[in-house]
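The values are calculated or read from the model by the stated rules, or taken from the named source; none is laboratory data. No experiment lies behind these values; they were computed from the predicted model shown. In this analysis, Cβ positions are derived from the backbone assuming ideal geometry, glycine residues included, and neighbour counts consider all displayed protein chains. To get the accessible areas, we keep the full protein, side chains included, count just its heavy atoms, and leave off ligands, DNA and RNA. Shrake-Rupley method; radii C 1.70, N 1.55, O 1.52, S 1.80 Å.
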Amino acid sequence: GSDLGGAGTSGQGNAGGAGIANVAGGGGGAGTVGLNGSGTICGNGGAGIASAISGTVTAYAGGGGGGGNTGKTAGAGGVGGGGAGAIGTPTTQLAGTSGTANTGGGAGGGSDYGSTPVTQASGGSGIVILRYPDTFIAATSTTGSPTITVAGGFRVYKFTASGSITF
């Protein structure tokens, strides 16, 4: 039998891939769906979406790769910070790889042997980027220690933790 992947939410992410016994599908990314698990190959995570808002083209919100059990091949994380899946054994449960920090990438799936699940990986933390023409005034104050750059005619505020900005 096959287990369907989770449905995507419009504007937030795409559907996960379907899995079969001990071969998980990949998680959906912001740009594409997660791939199905098939045979002994776990599904790769879906790709995220690239953006140049920071001044450098960077992919965000990739899906996590599917995990499985002995004799299977783990799914790769999707471009945009998705973590890879993990393959466990009957005596060693493994967590997948966590999503990359400041990308919003999903965590990879772990193995599911035994009755006591291993602590699973976490999705990558998010990021907030504000970019506007540098002909406008700079913020009068910020909290949360954003990275501030002025280049190419733009002012960029990059928050990787909670914070605020006042103009």
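Computed quantities for the displayed model
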read-out	value
Cα-only radius of gyration and Dmax that characterise the range 50-164, units Å	18.8, 62
Relative contact order of the chain, defined on C-alpha pairs under 8 angstrom at six or more residues apart (%)	14 percent
I41 long-range amide H proximity, modeled H, under 5 Å	T73
The range 1-50, relative contact order in percent, only Cα pairs under 8 angstrom and at least six apart counted	29 percent
Protein accessible area in the chain, 1.4 Å probe - carbon and sulfur %	56 percent
Average projected area [Cα convex hull, the range 1-79], square nanometres	5.0 nm²
Full-stretch length increase - T89, V57 - with 0.36 nm per residue and alpha-carbon distance subtracted	7.6 nm
Percentage relative contact order, the range 68-167, counting C-alpha pairs under 8 Å, at least six apart	20 percent
Choice from T142, T89, T58 showing the highest fluctuation, given a GNM over the chain with Cα pairs closer than 10 Å	T142
Gaussian network model of the chain, Cα within-10 Å springs - most flexible of G13, G144, G124	G144
Residues T119 and S141, FRET efficiency given R0 of 41 Å [Cβ-Cβ distance, rounded to 0.05]	0.55
Rounded accessible area of L94 (nearest 10 Å², 1.4 Å probe)	70 Å²
For the chain, accessible area per residue (1.4 Å probe, heavy atoms of protein chains only), Å²	51 Å²
